[in-house]
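A short write-up of the structure that comes next.
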Amino acid sequence: MLGERPRTRGVAAPCRALLLLQGLLLLRAPAGLLGDQTRRVSLEVIPGPTDPAQNLLHIRAVGASSTIHYVWSSLGPPGVLFVTTDTPHSVLSVNWSGLLSPEPEGSLAVLPAESVRFSSALFFPRLFEFDSTKSSETKDGSPGKPYPPYLLASFSWDDVNSTLDHTMLSATFQGRPLKDPSGAFNNGSLAFKVRAFSGPGRPAHLPRLLHTADTSQLELVLSGIVPQGNHSLFGLEVATPALDSECPQLKEQESIDDEYCPSVFQLDQLLWRSPPEGFLQWRPVAFSQKQPTWKTVLPCRVSPPRLTLATLFPQSPIVRAFFGPSVNFSVFNLTFGDSTGLAYEDQHYLSW
């Protein structure tokens, strides 16, 4: 809980690779490639052949002996493919006709293939909403009675080119349901704000996790939508390929980073492989106002990762294109807020 030193399930090994979420999401290269103190970071949109909303955002961080690629996409459920290579000359190859086909295998690659040292992906299939007034009736710690989820593969996304900022190395995927019979999104949207960095530092606003030129950041913003209940809690489903049929490890790490994030003594981390070759990191807090302060904090809870068959999931074209059709997934849920504190409807705003 906020303001209390939490029970620690485990302390992460020294970082070898990092993907950061705002709620931060950072990704970093494997340890053997971290000798590059300076990277040339670029950001470009790779346009689709017809629809301006069908585009990929490619972040490329080039060092003296390695390259880190992030490929953000709103094709199917929004998500990101991340790849590290042991050469400064690796490139992203996209075959659009294949990527938009029912069988996209092999249509997205980082070349030369033999230079790839590490690869994985994250994508976000569903946005949840719960009636937290019913949470006291549940016996399993559930956030409440679930409303029908929003399927993010069925969203319409704005053209990311309109938000591209080469100076800030940032762009935003902003969307709303294609079908919205209740009108909940008439004046609202869900946004995935993506940013890269040219060097080390910390964001100006909370929760201020450290970033470097190796990292990419994601901030989730839910704004202006009409909730279905009087005290709705929202949640996000997160999926990653279960490479070698193993779930990444979810661990809590104690933090004494009081200078930058007072009152929060915890980092949550998702670790790929052992020793970790990559990890996702965030502080377990969200915020209920545009200007985040400790008075607007919502707790962010995470469920244990679980294995799920690919057949039970909506297709992520970029994941299937890179990893093939037979990969299963590790899935976990994030929930923002609780039944007793601040709620989304107070300001109709949520950021993580």
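The values are calculated or read from the model by the stated rules, or taken from the named source; none is laboratory data. The shown structure was predicted, so the numbers you read here are calculated from the model rather than taken from an experiment. Positions of Cβ are generated from backbone atoms using ideal geometry, with glycine treated the same way; all protein chains shown enter the neighbour counts.
Remarks
- Residue that is nearest to Leu56 (Cα to Cα), among those in the stretch 142-158 that are touching an Asp or Glu at 6+ places or on another chain (Cβ under 9 Å) and crowded, with 18+ Cβ neighbours inside 10 Å: Leu152
- Counted residues, the stretch 328-352 - those being crowded, with 21+ Cβ neighbours inside 10 Å and in a helix (DSSP H, G or I): 1
- Screening Ser66, Ser90, Ser73, Ser119 for residues that are within 24 Å of Phe192 (Cβ to Cβ) and touching a helix residue (DSSP H, G or I) at 6+ places or on another chain (Cβ under 6 Å) leaves exactly one candidate, Ser73.
- Residue match in the stretch 97-114 (condition: touching a residue at least 12 places away in the same chain (Cβ under 8 Å), touching a helix residue (DSSP H, G or I) at 6+ places or on another chain (Cβ under 7 Å) and of a type in the set (Ser, Thr, Tyr)): yes
- Filter pass, Pro305 being crowded, with 23+ Cβ neighbours inside 10 Å and at pLDDT 85 or above: no
- Test for Thr172: is it of a type in the set (Val, Ile, Thr), free of Cβ contacts under 8 Å to residues at least 40 places away in the same chain and surrounded by fewer than 18 Cβ atoms within 10 Å (Cβ to Cβ): no
- Lone unmet requirement of (1) over 26 Å from Arg40 (Cα atoms); (2) touching a His at 6+ places or on another chain (Cβ under 9 Å); (3) of a type outside the set (Ser, Thr, Tyr) for Phe82: (1)
- Search result, residues across the stretch 298-327 that are in a helix (DSSP H, G or I) and charged (D, E, K, R): Arg320
- Residue list for the stretch 223-232, restricted to those being modelled with pLDDT of 90 or more and crowded, with 22+ Cβ neighbours inside 10 Å: Ile225
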